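The values are calculated or read from the model by the stated rules, or taken from the named source; none is laboratory data. If you're wondering where the values come from, they're calculated on a predicted model, not measured in any experiment. Here the Cβ is made from the backbone with ideal geometry for all residues, glycine too, and neighbour counts use every protein chain on show. The area values use the complete protein model at the heavy-atom level, side chains included, leaving out ligands, DNA and RNA. Shrake-Rupley method; radii C 1.70, N 1.55, O 1.52, S 1.80 Å.
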Amino acid sequence: MRKLFALLFALLFMTGGSAAVVAAQGTPAATPSAGSGAAGTVDPQVGEQAIYYSKNDKKIATVSVTKVERPWKDFGKYEEPDPGTEYVGITIKVANVSSGNVKVQAYDFSLQDAHGHLLGRAYAQGKENADVIPLQDDLVIKDGESETFLLVFKVDQDTELAHLFWQPDGGILVTVADLAGE
């Protein structure tokens, strides 16, 4: 009797698995919804906007990478990167499109390399006379306003970049930019 149930279960599993494969092959690619955190694309490119949505699908802010500088060389006198590594400077613009304040913190951003590693920001402060200095303190952006700031990451010199992510709130992850080729 057990063998009969095992055989029926295996037959049911194989039939269901085949149907799932056929169904998946005929299904078009998913399109991001309003609540997915995307602004019409899954991987915005440098210069394109991504949208940060609240958990109830209201637009909070737009965010975009405006410039990627590799290697970033505006570091201070005592901030030389370790041998075999370099700094990547990423200029970001966040515009508040909500009716409240948006808090931006440097450690809410992560750089993903081509190996899948997530890197937090480096603590390079930069030269005092630099055009844009790295974000050190939290920013509070009022409704209708925007801020442009720099984040610096330390990466291995030969490692390709993949994505920049922003996690402005627990449970929300915004893909800010696809950085492949940068």
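Remark: C-alpha extents of region 77-128 on the principal axes read 46, 34, 14 Å, sorted largest to smallest. Overall shape of region 48-182 was characterised from the C-alpha gyration tensor. The equivalent ellipsoid obtained from it has semi-axes of 26, 17, 11 Å, in decreasing order.
Compute the FRET efficiency between Asp169 and Ser99 as 1/(1 + (r/R0)^6), taking r as their Cβ-Cβ distance and R0 = 22 Å, and round to the nearest 0.05. E between Asp169 and Ser99, to the nearest 0.05, is 0.85. Between the amide H of Leu119 and those of Leu111, Gln112, Asp113, distances stay under 5 Å, these residues lying 5 or more places away or on another chain, with hydrogens modeled in the peptide plane.
At 0.36 nm per residue, and after removing the present C-alpha to C-alpha distance, how many nm does the segment from Lys55 to Asp82 gain when stretched out fully? Intermediate results must be reported in sequence, preceding the final value.
On the way: separation 27, 0.36 × 27 = 9.72 nm, distance 4.03 nm.
Contour length minus the Cα-Cα distance gives 5.7 nm.
Of the solvent-accessible surface of region 97-158, computed with a 1.4 Å probe and all protein chains present, 40% belongs to carbon and sulfur.
Computed over protein heavy atoms with a 1.4 Å probe, the accessible surface of region 71-182 works out to 54 Å² per residue.
Here the extension length gained between His117 and Glu69 equals 15.3 nm, from 0.36 nm per residue of separation less the Cα-Cα distance. Of all chymotrypsin sites (Phe, Trp or Tyr not before Pro) in region 103-165, which ones are in loop regions per DSSP and have a Cβ with at most 14 other Cβ atoms within 10 Å? The qualifying sites are Tyr123.
Each residue of region 63-70 was assigned a 3J(HN,Hα) from its phi angle through the Karplus curve 6.51 cos²θ - 1.76 cosθ + 1.60 (θ = phi - 60°); the sequence is 9, 8, 8, 9, 7, 10, 10, 9 Hz, with glycine and proline shown as x.
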